[in-house]
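Report on the structure given below.
What follows is calculated from the coordinates using simple rules that are stated; it is not laboratory data. Just so we're clear, the structure is a prediction, and the values are computed from it rather than from any experiment. No Cβ is skipped: glycine too gets one built from the backbone with ideal geometry, and neighbour counts run over all protein chains shown.
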Amino acid sequence: MKLSPAQIWRIRESQYRLVITVCESCGKKSAFKRSVCPFCGSGNVKHMESEGLGKVLEVTKVLYRWASSDERPPSLVAVVELDEGVKVVGEIVGVGTDEEVKEGTRVEAVLRRYASDDPYGVIYYGIKFKPLKTA
């Protein structure tokens with residue numbers, strides 16, 4: 001990745017928070033902070049922070065390892081529909097196999113390590129999802 005601490009500081013809101021854009025004109029919601037509605041093109045938007053809770057719509061096992069990633073394959077990646085109604089893609093952590101994560105599994109957003117430049121370099125963090133414990 002090779003980002004400087006200053007660059008990381010500038011992108012921190014998109015990396016460390018789940019922000020949703022709500023269009024005041026058409027009423028639709030979209031993932032991530034945007035200055036223009038992706039549906040109607042209106043600039044009349046407001047932003048809200050997601051609670052970080054949702055359910056898995058689809059899940060897949062990824063066997064490819066990025067050069068900057070510290071984690072070893074396989075990893076699970078899922079399409080998650082947040083309770084606010086928007087869909088995001090994220091890695092599932094805290095589980096061993098894909099049998100533990102199925103369609104409809106409740107998950108919560110957590111801040112986890114993505115990668116690092118080297119053993120003594122900058123460590124990158126971001127949003128991933130972990131299954132909620134069911135009682």
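My understanding is that a pair violates if its Cα-Cα distance is over 19 Å; which of 29/128; 87/128; 2/61 do that in this structure? Please report the intermediate quantities before stating the final value.
Working: 29/128 21 Å; 87/128 14 Å; 2/61 27 Å.
Over 19 Å Cα-Cα: 29/128; 2/61.
Mean residue ellipticity at 222 nm from the helices of the chain, using -39,500 (n - 2.57) per DSSP H segment of n ≥ 4 over the full residue count, to the nearest 500 deg cm²/dmol?
Numbers: 2 runs with 11 residues, N = 135.
That calculation yields -1500 deg cm²/dmol at 222 nm.
If you put +1 on each Lys and Arg Cβ and -1 on each Asp and Glu Cβ, how big is the dipole of the chain around its Cα centre, in Debye rounded to 20? Mind showing how you got there, number by number?
Numbers: 21 positive and 18 negative charges, 59 e Å.
The dipole magnitude comes to about 280 debye.
Each label point is 7 Å from the Cα along the Cα-to-Cβ direction; what then is the distance between the points at residue 35 and residue 64, in nm?
Taking the two extended label points, one gets 3.2 nm.
Kindly identify region 5-131 as rounded, prolate or oblate by the Cα gyration tensor criterion: order the square roots of the eigenvalues as a ≥ b ≥ c, call it rounded if a/c is under 1.5, otherwise compare a/b with b/c, prolate if a/b is larger, else oblate. Provide the component values of the computation, followed by the final result.
On the way: a/c = 2.51, a/b = 1.32, b/c = 1.91.
Verdict is oblate for region 5-131.
What distance in nm separates the two pseudo spin-label positions at residue 108 and residue 81, each 7 Å out from Cα along the beta-carbon direction?
2.2 nm
Considering Cα pairs under 8 angstrom that are at least six residues apart, work out the relative contact order of the chain and quote it in whole percent. Show your work: numbers first, answer last.
Values: 273 pairs, mean separation 29.9, N = 135.
So the answer I get is 22 percent.
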